[in-house]
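**Q** Pasting a structure here, questions to come.
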Amino acid sequence: MKTREKLIVDGKRLDGRLPEQLRTIEMKTGVVTRANGSALMKFGNTIAIASVHGPRALFPRHLQESETCLLRCRYNMAPFSVDERKSPGPDRRSVELSKVIRLALEPTLFLEDFPRATIDVYVEILQADGSTRVAGINAASLALADAGIPMRDLVAACSVGKISGTLVVDLTADEDNNSEADLAFAMLPSKKKITLLQMDGILTKEELNKLLKLAKDSCEKVYETQKKVLKEKYKRVE
Ligand code: ADP
């Protein structure tokens with residue numbers, strides 16, 4: 001077990017990153033051919049896949065909303081995604097994360113344009129090394145765009161926090177588990193609208209403000225990669 005004091009050595013983190021440096025980002029669309037849209041997103045060793053199905057008719061009918069479309073999200077961590085096998089199936093954590101992912105995505109969609117329908121978003125974590133909910137949101141937003149569903153903007157997400165007294169971005173599992181504070185953040189970058197803000201731990205007001213700035217800057221970087229990956233997809237279509 002690493003102690004909090006050792007998470008930063010000579011100004012660098014245990015994986016060699018500077019405090020404000022994201023892990024290597026990788027993204028790809030169209031990874032699940034049966035889905036209407038899909039995407040893969042990696043923050044270093046964290047791997048998330050999102051698969052989007054719909055808009056499609058919602059059954060059973062009594063669940064249908066006459067004025068709007070139901071967005072349903074399911075976050076799931078594969079049993080092999082962590083060192084010690086995770087027991088399969090939903091638990092309190094996955095129910096919470098499914099809900100916050102839905103709330104982070106909903107503001108970007110025109111759900112009222114598809115009454116009585118549903119859009120299903122499945123987020124599968126293949127490998128978990130911290131920041132899985134934000135990796136899931138990035139993958140899901142890209143998958144919604146890949147499905148051709150109208151959106152106000154992409155949703156870009158990242159984690160930030162405080163480890164060994166230093167403010168950092170994109171926490172690994174070690175960093176998350178030994179942090180003084182950690183914060184999950186998502187936004188619609190061009191609309192400047194925040195759609196997820198969850199925090200654990202204690203920060204001063206100044207630290208919180210600095211972290212929010214770091215989170216916005218990191219989301220901009222994620223957003224640039226998301227746009228690049230989508231543009232490449234349409235280049236392939238030409
Ligand atoms: P997030 O993955 O969004 O940061 P948490 O803060 O709940 O969410 O989890 C931090 C990290 O802890 C995860 O990314 C994962 O690496 C690890 N973790 C979470 N749940 C488990 C579990 N059941 N077994 C082992 N590791 C886990």
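**Q** Using just the helices of the chain, give the 222 nm mean residue ellipticity in deg cm²/dmol: DSSP H runs with n ≥ 4 each add -39,500 (n - 2.57), and the total is spread over all residues, rounded to 500.
**A** Values: 4 runs with 67 residues, N = 238.
It lands at -9500 deg cm²/dmol.
**Q** Right, another one. If amide hydrogens are placed 1.01 Å from N in the peptide plane, which non-local residues have theirs closer than 5 Å to the one on Arg74?
**A** Val121, Tyr122, Val123
**Q** Next question. With +1 on each Lys and Arg Cβ and -1 on each Asp and Glu Cβ, and nothing else charged, work out how big the dipole of the range 4-237 is about its Cα centre, in Debye to the nearest 20.
**A** Computed charge dipole of the range 4-237: roughly 720 debye.
**Q** Could you pull the accessible area for Val155 with a 1.4 Å probe, rounded to 10 Å²?
**A** Solvent-accessible area, nearest 10 Å²: 0 Å².
**Q** Give me P(r) over the chain, computed from all C-alpha to C-alpha distances, binned every 10 Å, as integer percentages.
**A** Here the calculated profile for the chain is 8, 32, 35, 18, 5, 1, 0.
**Q** Can you tell which of Gly37, Ser159, Pro107 lies farthest toward the positive end of the dipole of the chain, using +1 and -1 charges on the Cβ of basic and acidic side chains (Lys, Arg; Asp, Glu)?
**A** Gly37
**Q** State to the nearest 20 debye the size of the charge dipole of the range 1-51 about its Cα centre, where the only charges are +1 on K and R beta carbons and -1 on D and E beta carbons.
**A** Result for the range 1-51 is approximately 120 debye, rounded to the nearest 20.
**Q** Only sites in a loop by DSSP and with at most 15 other Cβ atoms within 10 Å count here; which chymotrypsin sites (Phe, Trp or Tyr not before Pro) in the range 1-110 make the cut?
**A** Taking the range 1-110 and a limit of 15 other Cβ atoms within 10 Å, the loop chymotrypsin sites (Phe, Trp or Tyr not before Pro) found are Phe110.
**Q** To continue, here is another question. Starting at the first residue of the range 219-230, write each ³J(HN,Hα) from the Karplus equation 6.51 cos²θ - 1.76 cosθ + 1.60 with θ = phi - 60°, in whole Hz, x for Gly and Pro.
**A** Coupling constants for the range 219-230: 4, 4, 5, 4, 4, 4, 5, 4, 5, 4, 5, 5 Hz.
**Q** Hey, got a sec? Which trypsin sites (Lys or Arg not before Pro) in the range 1-99 land in a DSSP loop and have at most 15 other Cβ atoms within 10 Å? Present the calculation step by step, with values, prior to reporting the outcome.
**A** Numbers: sites: Lys2, Arg4, Lys6, Lys12, Arg13, Arg17, Arg23, Lys28, Arg34, Lys42, Arg56, Arg61, Arg72, Arg74, Arg85, Lys86, Arg92, Arg93, Lys99; in loops: Lys2, Arg17, Arg23, Arg34, Arg85, Lys86.
Filter output for the range 1-99: Lys2, Arg34, Arg85.
**Q** Now, a different point. Residue by residue through the range 26-32, what is 3J(HN,Hα) from phi via Karplus (6.51 cos²θ - 1.76 cosθ + 1.60, θ = phi - 60°)? Round to whole Hz and write x for glycine and proline.
**A** Along the range 26-32, the couplings run 10, 9, 8, 9, x, 7, 10 Hz.
**Q** Next question. Mind listing the long-range amide H neighbours of Asp129? Cut-off is under 5 Å, sequence gap 5 or more, other chains count too, H placed in the peptide plane at 1.01 Å from N.
**A** Amide H to amide H, under 5 Å and 5 or more residues apart or across chains, Asp129 pairs with Thr46, Ile47.
**Q** How large is ³J(HN,Hα) for each residue in the range 148-154, as worked out from phi by the Karplus curve 6.51 cos²θ - 1.76 cosθ + 1.60 (θ = phi - 60°), to whole Hz, x for Gly and Pro?
**A** Per-residue couplings from phi come out as x, 7, x, 9, 6, 5, 6 Hz.
**Q** State the answer as a single residue: which of Asn178, Gly201, Thr46 lies farthest towards the positive end of the charge dipole of the chain, with beta carbon charges of +1 for Lys and Arg and -1 for Asp and Glu, about the Cα centre.
**A** The listed residue farthest towards the positive side: Thr46.
**Q** Hey, what's the Cα Rg ratio for the range 1-136 versus the globular rule of thumb, 2.2 N^0.38 Å?
**A** Against the compact-globule rule of thumb, the ratio is 1.26.
**Q** So who's got an amide H within less than 5 Å of the one on Ala181, skipping anything under 5 residues away but keeping other chains? H placed 1.01 Å off N, in plane.
**A** Hits under the 5 Å cutoff: Lys162.
The values are calculated or read from the model by the stated rules, or taken from the named source; none is laboratory data. Small disclaimer: the values here were computed from a predicted structure and weren't measured. Cβ sites come from the backbone with ideal geometry, for glycine too, and all protein chains shown count toward neighbours. Side chains included, ligands, DNA and RNA excluded: accessible areas come from the protein's heavy atoms. Shrake-Rupley method; radii C 1.70, N 1.55, O 1.52, S 1.80 Å.
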